[in-house]
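Note sheet for the following structure.
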């Protein structure tokens, strides 16, 4: 693979190829060589409203001319508006703003440990699940039950334990082994290939953690903010957590993360316990207000469900016609296509043919377009994917 010009300047944390991306408009990205790409990755589920959305651009100009940074030593108007929207649209009563999903994980772990250890100093343990992904800093990495991410970075933070996803018996056994502060789980796992929790599993976690005074944390960094066709994935399960971590689309493309939590957990956190210099940046919060106001409308959510069902049906027809596809799964516009063998250069071939999709675990291709995608865009994306699969045989 030929390294793009300029890549020699960076630490090699990404295997990138092709000309640099130069601009975006609607459903498309354009590189500096003038090539056009249908974006079905949405910047890893970030650009919910597509590229250059007029309301995002207007908010960017308006807030950018007023205030870009002041410091969390002071309250800021757009922060307050954004926090109100989060509280209004979730189970939560309190909000902590940060810059990313992994920072939200770190904060949730700290909040849970302080809440749980106030009466028992040994209740610091955290349980998470196989194939989950919670970030790349040491707290998030330690909560990520995938050895491939740990390699070369051991030892992990003490007190983290893992159980099989969707396995109630094994999880009950694991929970009995240590005094736990928190259980953290993705209702729909993204990085490992679009795997959904069962309703029985999440209901078990809620009942057990409530009975034993353990904080239940839902990681909705990738599956939240209307991605699955409801505002939050937890709403589809009828299970309400104590905390929820958010990021990716909530900043309208700018770095923004959040922990939303109950009043009971927030009461144990005092000034100086945690903080962030840039978290809740007023510019990002202004864009976040646009995102939340737009995607929380019933008609918008209904359109995500409708278009997601259409995408899955279209891909299922492709599976039946072409072979090589093991399974199509997902909900809303969070869809995974599991192949029956290693992906090889499949993602790169899609890009060469003008389609951006993402690799996930278990030989899965992620289709996660902006939530404003149209059916014509879906048809074009599947045609390109079919063309690539045909050449792959």
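The values are calculated or read from the model by the stated rules, or taken from the named source; none is laboratory data. Note that the coordinates shown come from a computational prediction; the quantities given were computed from them, not determined experimentally. Using ideal geometry, Cβ is built from the backbone for each residue, glycine included, and neighbour counts are taken over all protein chains shown.
Condition check ((1) assigned by TED's automatic domain parsing to the domain that holds residue 372; (2) surrounded by fewer than 21 Cβ atoms within 10 Å (Cβ to Cβ); (3) in a helix (DSSP H, G or I); (4) free of Cβ contacts under 8 Å to residues at least 24 places away in the same chain) across all residues:
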position	(1), (2), (3), (4)
44	yes, yes, yes, no
48	yes, no, no, no
62	no, yes, yes, no
73	no, yes, no, yes
81	no, yes, yes, no
91	no, yes, no, no
For this session: Kindly list the number of the only condition in (1) crowded, with 21+ Cβ neighbours inside 10 Å; (2) in a helix (DSSP H, G or I) that fails for residue 135.
Result: (2)
For this session: Check 164, 187 and return the single one that is within 19 Å of residue 243 (Cα to Cα) and touching a helix residue (DSSP H, G or I) at 6+ places or on another chain (Cβ under 7 Å).
Result: 187
For this session: Go through 296, 303 for me and flag whichever is within 30 Å of residue 70 (Cα to Cα) and surrounded by 15 or more Cβ atoms within 10 Å (Cβ to Cβ).
Result: 296
Exercise. Would you pick out the residues in the stretch 203-220 that are surrounded by 15 or more Cβ atoms within 10 Å (Cβ to Cβ) and touching a residue at least 60 places away in the same chain (Cβ under 8 Å)?
Worked result: 214, 215, 217, 219
Exercise. So which residues in the stretch 2-26 are in contact (Cβ under 8 Å) with a residue 24 or more places away in the chain, on the phi > 0 side of the Ramachandran plot and part of a loop (DSSP other than H, G, I, E, B), if there are any at all?
Worked result: 18
For this session: For residues that are in contact (Cβ under 8 Å) with a residue 60 or more places away in the chain and surrounded by fewer than 24 Cβ atoms within 10 Å (Cβ to Cβ), scanning just the stretch 103-122, find the one that is nearest to residue 283 (Cα to Cα).
Result: 110
Exercise. Exactly one of (1) farther than 20 Å from residue 369 by Cβ; (2) in contact with a strand residue (DSSP E or B) (Cβ under 9 Å, 6 or more places away or on another chain); (3) surrounded by fewer than 24 Cβ atoms within 10 Å (Cβ to Cβ) is unmet by residue 199. Its number?
Worked result: (2)
For this session: Determine which single condition residue 119 fails, assuming it passes every other condition in (1) assigned to a loop (DSSP other than H, G, I, E, B); (2) farther than 21 Å from residue 166 by Cβ; (3) touching a helix residue (DSSP H, G or I) at 6+ places or on another chain (Cβ under 9 Å).
Result: (3)
Problem set entry | Check on residue 275, surrounded by 15 or more Cβ atoms within 10 Å (Cβ to Cβ), assigned by TED's automatic domain parsing to the domain that holds residue 65 and within 12 Å of residue 99 (Cα to Cα) | no
Exercise. Would you pick out the residues in the stretch 122-134 that are within 18 Å of residue 261 (Cα to Cα) and out of contact with any helix residue (DSSP H, G or I) (no Cβ under 7 Å at 6 or more places or on another chain)?
Worked result: none
For this session: Could you please give the count of residues in the stretch 229-272 that are assigned to a loop (DSSP other than H, G, I, E, B) and in contact (Cβ under 8 Å) with a residue 24 or more places away in the chain?
Result: 17
For this session: Have a look at 38, 29 and point out the one that is farther than 30 Å from residue 280 by Cβ, touching a residue at least 40 places away in the same chain (Cβ under 8 Å) and surrounded by 19 or more Cβ atoms within 10 Å (Cβ to Cβ).
Result: 38
Problem set entry | Meets criteria (under 25 Å from residue 227 (Cβ atoms) and either touching a residue at least 12 places away in the same chain (Cβ under 8 Å) or not assigned by TED's automatic domain parsing to the domain that holds residue 339 (or both)) for residue 157 | no
